[in-house]
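In what follows, a structure is listed as structure tokens, so that the remarks can point back to it.
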Amino acid sequence: MKIFSLRAATWLGATVVAAGLLGAAGCSSSSTTSPSAGATTSAPKTLTVKQIAFGETLKHTFKLNGTGATTTGRLTQPDDIVALGGHIYVGFQNAVGSQGEAAPSGNLNSTLVEFTPTGSVVKQWDMTGKIDGMGADSATGRVFASVNEDSKSSLYVVSGGTATHYTYTQSPLPHQGGTDAISVFKGKILISASAPGTSGKAPANAPAVYVVTLNSGAKTAAVAPFFAINATAASVNAGGSKVTLALTDPDSNMVMPSSAPKFAGDFMLNSQGDQELIFSGATGQNLQVLKITKPVDDTAVATSASGSLYITDSSADTVDVMTGPFKPGTAYTAVTPCNATNAPAVCPATSAPQFPANSFGMIDMSTGAVSNVTFTGTLTPKGMVFVP
């Protein structure tokens, strides 16, 4: 069976019902909604979320600033999430900076954790840098993690229980930034070219997305452009008229499911701060762009009514599961007001109520309208992956 999210891979096995917790409940968030009045436990009429893994119960060891005394710390800031082979994989950022700067604790490592569907830990790997983008390849059984989304990026590949570090053959990268989300699309490894211009002036035709080729012997990753930040695209909002893109914030990406009502089978890039979704076929040409009404982070399309939506909550340091019934074809998303280009430096803040914390929502792929979705439980969403 297939799953579809910002990182698409195959979920092997029977339908999963998530149950069980790793720790005591009680983590809270700011995106809380109430159940519908007619909901019952035997036949729920609304989406329900619960926490299945808690960062406060998970630990890793590290050397202070990479060379000092060995110490132990808890895992924090779960961000990206993928599913593969019946398990879910979550990247905990552990307060590492966007260019690999040490956390206040002196930690330099993010932690990738493999979980069962009920939240039990299978294995974990420490990776130098900040994990901000992930992907999975069902054809090869590999999980990908990119570190340092603003600059000084590199790539990790987990296969057969072993994590291998790959460095890019070009440094700095051609767009003078970092790398983020990863999708395997028609046999190509596609990675978002995030934060253009961080380490120098980005060319006008800098890549927005890279095609990456791995050299397993040399442990290097070569990049080539898939499409550019100034590519031409057909505007969905303007009846298909041609526009020139001016992307400043390539971020998350995904492969749309073949059953999606719109853009079925396409690769999708989310240029977060620009509030634009760009859709492409296999060649990186004949692009379409959809302007959306609010900035969003990860998106996952429901492909069945009875699946499970796994979600990270970075503010509560939890991994959560949401159960339905879902409406197949719905593009669920993490709405992120603080990623708007005009958001204040400190966000969310009581002084700027128009920029609240993340909320759980959906995208109308015909109009670009982003709206909140009612659910039962507490959640401030970040990464998400749908498992039918």
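Globularity index of the range 83-190 is 1.05 (Cα radius of gyration / 2.2 N^0.38 Å, N = number of residues).
Full extension of the chain segment joining residue 216 with residue 364 gains 49.2 nm, where the gain is 0.36 nm per residue of separation less the Cα-Cα distance.
A simple spin-label model places the labels of residue 140 and residue 71 3.8 nm from each other, with each point 7 Å out along Cα-to-Cβ. Which one, 301, 332, 368, is farthest towards the positive end of the dipole of the range 291-388 when Lys and Arg carry +1 and Asp and Glu -1 on their Cβ? Selected residue: 368. Net length available on complete extension from residue 246 to residue 122 is 40.4 nm, with 0.36 nm assigned per residue and the Cα-Cα distance removed.
Ordered by 1.4 Å accessible area with all protein chains kept, 254, 362 run largest first as 362, 254. Modelled spin labels at residue 205 and residue 340, positioned 7 Å past Cα toward Cβ, are 3.5 nm from each other. Cα extents for the range 261-388 along the principal axes, largest to smallest and rounded to whole angstrom: 44, 34, 22. Using the empirical formula 2.2 N^0.38 Å as the baseline, the Cα radius of gyration of the chain reaches a ratio of 0.92. In the full protein context, the range 270-388 carries 33 Å² of accessible surface per residue, based on a 1.4 Å probe and ignoring ligands, DNA and RNA. What the Kirkwood sum gives for the range 62-110 is a hydrodynamic radius of 11.7 Å, with every pair of different alpha carbons counted. Averaging 1/r across all pairs of distinct Cα atoms in the range 302-376 and inverting the result yields a Kirkwood radius of 13.9 Å. Distances between every pair of Cα atoms in the range 75-135, grouped in 10 Å steps from 0 to the bin holding the largest one, split as 26, 51, 20, 3 percent. Taking 16 Å as the straight-line reach from the Cα of residue 50, the lysines in range (excluding those fewer than 8 positions away in the same chain) are 382. Quotient of the Cα radius of gyration of the range 103-261 and 2.2 N^0.38 Å, N being its number of residues: 1.11.
With all pairs of separate Cα atoms included, the range 131-212 yields a Kirkwood hydrodynamic radius of 12.8 Å.
The values are calculated or read from the model by the stated rules, or taken from the named source; none is laboratory data. These numbers come from a predicted model, not from an experiment. With ideal geometry, Cβ positions are generated from the backbone for all residues, glycine too; neighbour counts draw on all protein chains shown. SASA here: full protein model, heavy atoms, side chains in, ligands and nucleic acids out. Shrake-Rupley method; radii C 1.70, N 1.55, O 1.52, S 1.80 Å.
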